[in-house]
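These notes are about the structure you will find just below.
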Amino acid sequence: MTGATVSSTAGASSNEEAWAPSPSGRLVRPPALRPGDTVAVVSPSCPGASTLTAELQRGCAAMEAMGFRVRIMPNARGARRWTSGTADERLADLHAAFEAPDVAGVLYSMGGQHSAQLLDGLDYGLVAANPKVFCGYSDATSLLTAVHVRTGLVTFYGPAVIPQFGELPVPYAETVDHFLAVTGVAAAAGPLPNADYQVVDLDFSRREREQRPRDRQSAPPRAALRAGAATGAALAVCLPSARDLLGTPWQPDTAGRVLFIDTPEPPYSAAAAAADIWHLRNAGLLDDLAAVVLGRPIGWTVDDVDGFLDAVVECIPTPDVPIVRDVEFGHTNPIMTIPNGIEVAVAGVEIAILDAAVR
């Protein structure tokens, strides 16, 4: 989805059909985040903010250190079984955050499994009339993709408050720098940075108990499963959440896209990922792609990773579609921010954001 920036949508109808992207591929860039702006924290899925209070506090403090004011929405710290609240409560927070004139960004507290419960109730017209930086990853795929598909708004597959900004003692500099470069500067962010280390330590309880940072290790270099060059509008998804969009009114059109595919940590398995990628192929979402960029898997054995990569190559048999692996986004750390809808270029193992994601 590419096209001219829509500089203002104020006063538009709240009817979501009126905000379906035009055939010309209208793209709406939100205003850039600036120091002093207010960022709203929402929990559209899991109740982690109610229990991970130290991480939430650190994440909010980190965003304040970045120059933002932070507003935790009323229901973000709620808990109702496996979600932060009823669908109506979670929708109320989202609607209030987008409607508030002093809020410039809306960030997930963390992911979960149940953002898709909000797809039918979200007021897409309200979101379209109030374009803002909307960022998260993992289960956020559901809402980020649906909002992008229905409104043309550039959404951001990037850091969340608790898992990234809430790192101990501070968030990774590469994560912060790229988030600010993509969401805070009205210019092309350029090449996606390479990180020479990764964090594969999933023992969060040890981190909090001992109050020391998680362990780092050398990062494997990016590699081309299939070499080549291509350009296209980015679409970043978490694989199981992308599967959940199939057959729904919010299923994206992936033709011509550079598809960024992220996989969660265990208990999500390589076998499940292989099944999910085949499901996307059978649904036609892997037809006519410009390129595929795979996030770095975490918590899988070498054999598991190889099995999943084999499935990816099998599911994208077209020989001129480049496939790059072990790229720094999604469930790895540090992570880069991918702007959905913005043109990106893939050349070998290098990836570059070619246009501004904000205005």
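What about residue 77, is it open to solvent by 40 Å² or more (accessible area, probe 1.4 Å), under 19 Å from residue 167 (Cα atoms) and part of a loop (DSSP other than H, G, I, E, B)? For residue 77, the condition - open to solvent by 40 Å² or more (accessible area, probe 1.4 Å), under 19 Å from residue 167 (Cα atoms) and part of a loop (DSSP other than H, G, I, E, B) - is met.
When residue 174 is tested against (1) open to solvent by less than 40 Å² (accessible area, probe 1.4 Å); (2) more than 16 Å from residue 293 (Cβ to Cβ), exactly one condition is not met: (1). For the stretch 81-92, does any single residue satisfy the condition of being part of a loop (DSSP other than H, G, I, E, B) and under 20 Å from the mean Cα position of the chain (by Cα)? Yes, the conditions are met somewhere in the stretch 81-92. Determine, yes or no, whether residue 41 is surrounded by fewer than 23 Cβ atoms within 10 Å (Cβ to Cβ) and β-branched (Val, Ile, Thr). Considered against the rule, which asks whether it is surrounded by fewer than 23 Cβ atoms within 10 Å (Cβ to Cβ) and β-branched (Val, Ile, Thr), residue 41 comes out as no. Looking at 317, 297, 334, just one residue is modelled with pLDDT under 95 and within 16 Å of the chain's Cα centre (by Cα), and that residue is 297.
If you check 99, 89 for being out of contact with any Leu (no Cβ under 7 Å at 6 or more places or on another chain), of a type in the set (Asp, Glu) and either under 22 Å from residue 204 (Cβ atoms) or surrounded by fewer than 24 Cβ atoms within 10 Å (Cβ to Cβ) (or both), only one passes: 89. Do you know which of the residues in the stretch 102-112 that are closer than 25 Å to residue 264 by Cα, open to solvent by 10 Å² or more (accessible area, probe 1.4 Å) and not hydrophobic (A, V, I, L, M, F, W, C) is nearest to the chain's Cα centre (by Cα)? Ranking the candidates gives 111 first.
Apart from one condition, residue 215 fits all of (1) within 30 Å of residue 231 (Cα to Cα); (2) assigned to a loop (DSSP other than H, G, I, E, B); the exception is (1). For the stretch 207-227, the set of residues classified as in contact with a Phe, Trp or Tyr (Cβ under 7 Å, 6 or more places away or on another chain) and charged (D, E, K, R) consists of 216 only. Across the stretch 219-273, the qualifying residues are those that are in a loop (DSSP other than H, G, I, E, B) and within 20 Å of residue 110 (Cβ to Cβ), and the one among them that is most open to solvent (accessible area, probe 1.4 Å) is 267.
Scanning the stretch 279-316 for residues that are basic (Lys, Arg) and assigned to a loop (DSSP other than H, G, I, E, B) turns up just one, 296.
The values are calculated or read from the model by the stated rules, or taken from the named source; none is laboratory data. All figures in this text were calculated on a predicted structure; none of them were measured in a lab. In this analysis, Cβ positions are derived from the backbone assuming ideal geometry, glycine residues included, and neighbour counts consider all displayed protein chains. Heavy atoms of the whole protein, side chains included, go into the accessibility calculation; ligands, DNA and RNA do not. Shrake-Rupley method; radii C 1.70, N 1.55, O 1.52, S 1.80 Å.
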